[in-house]
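So the structure is just underneath, and the comments pick up after that.
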Amino acid sequence: MLKRTSCIHGRVSNGQQIQADIGPGGEHPMTGRYMQWWKQGMACWLDEARQGDVLPFVCELGPVPYAIALNGYLATPAEEISDRWQQSLVLKELAEKAWREVQQARS
């Protein structure tokens with residue numbers, strides 16, 4: 001249980017990489033698992049939230065060498081596996097969807 005959730009770090013791992021390219025619509029196989037965790041954290045946060053409280057959702061996508069590079073960490077310039085800006089927008093949309101679903105379940 002995620003009873004003490006105070007913020008959510010938005011990224012999806014695949015078990016081998018800290019952050020994985022989840023595709024343009026979030027179709028990566030692990031996205032569903034992360035969505036479940038985010039919704040659980042959001043629901044727990046809402047249980048304790050007061051008027052005016054904010055739940056930060058941080059799209060945490062780091063650059064090379066934190067992120068995986070297609071041409072290796074030591075290559076110059078390093079070629080990233082995905083466009084971090086586009087991936088952050090997908091994560092934002094997924095977080096908003098999770099939030100709506102948690103809100104609807106509480107209604």
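The values are calculated or read from the model by the stated rules, or taken from the named source; none is laboratory data. Values in this document were obtained by computation on a predicted structure and should not be read as measured data. Using ideal geometry, Cβ is built from the backbone for each residue, glycine included, and neighbour counts are taken over all protein chains shown. Please note that ligands, DNA and RNA were not included when accessible areas were found on the heavy atoms of the full protein model with its side chains. Shrake-Rupley method; radii C 1.70, N 1.55, O 1.52, S 1.80 Å.
Kindly indicate whether any position in the range 50-58 is touching a helix residue (DSSP H, G or I) at 6+ places or on another chain (Cβ under 8 Å) and of a type in the set (A, V, I, L, M). Yes, that holds for at least one residue.
Kindly check whether there is at least one residue in the range 57-75 that is of a type in the set (A, V, I, L, M), touching a residue at least 12 places away in the same chain (Cβ under 8 Å) and part of a helix (DSSP H, G or I). Working first, answer last.
Going residue by residue through the range 57-75, those that are of a type in the set (A, V, I, L, M) are 58, 61, 64, 67-70, 74-75.
Those still in the list that are touching a residue at least 12 places away in the same chain (Cβ under 8 Å) too: 58, 61, 64, 67-69.
Next, from what is left, pick out any that are part of a helix (DSSP H, G or I): none.
So far as the range 57-75 goes, no, none of its residues is of a type in the set (A, V, I, L, M), touching a residue at least 12 places away in the same chain (Cβ under 8 Å) and part of a helix (DSSP H, G or I).
What are the residues in the range 81-107 that are open to solvent by 60 Å² or more (accessible area, probe 1.4 Å) and more than 30 Å from CYS44 (Cα to Cα), if any?
ASP83
Selection of the range 35-54 for residues being open to solvent by less than 40 Å² (accessible area, probe 1.4 Å) and either of a type in the set (Lys, Arg) or touching a residue at least 24 places away in the same chain (Cβ under 8 Å) (or both) yields MET35, TRP38, GLY41, MET42, ALA43, CYS44, TRP45, LEU46. For the range 9-37, the set of residues classified as under 17 Å from GLU80 (Cα atoms) and of a type in the set (A, V, I, L, M) consists of VAL12, ILE18, ALA20, ILE22, listed by residue number. Taking the range 14-34, which residues are at pLDDT 85 or above and open to solvent by 80 Å² or more (accessible area, probe 1.4 Å)? Once the filter is applied, which keeps residues that are at pLDDT 85 or above and open to solvent by 80 Å² or more (accessible area, probe 1.4 Å), the range 14-34 yields PRO24, GLU27, PRO29, ARG33.
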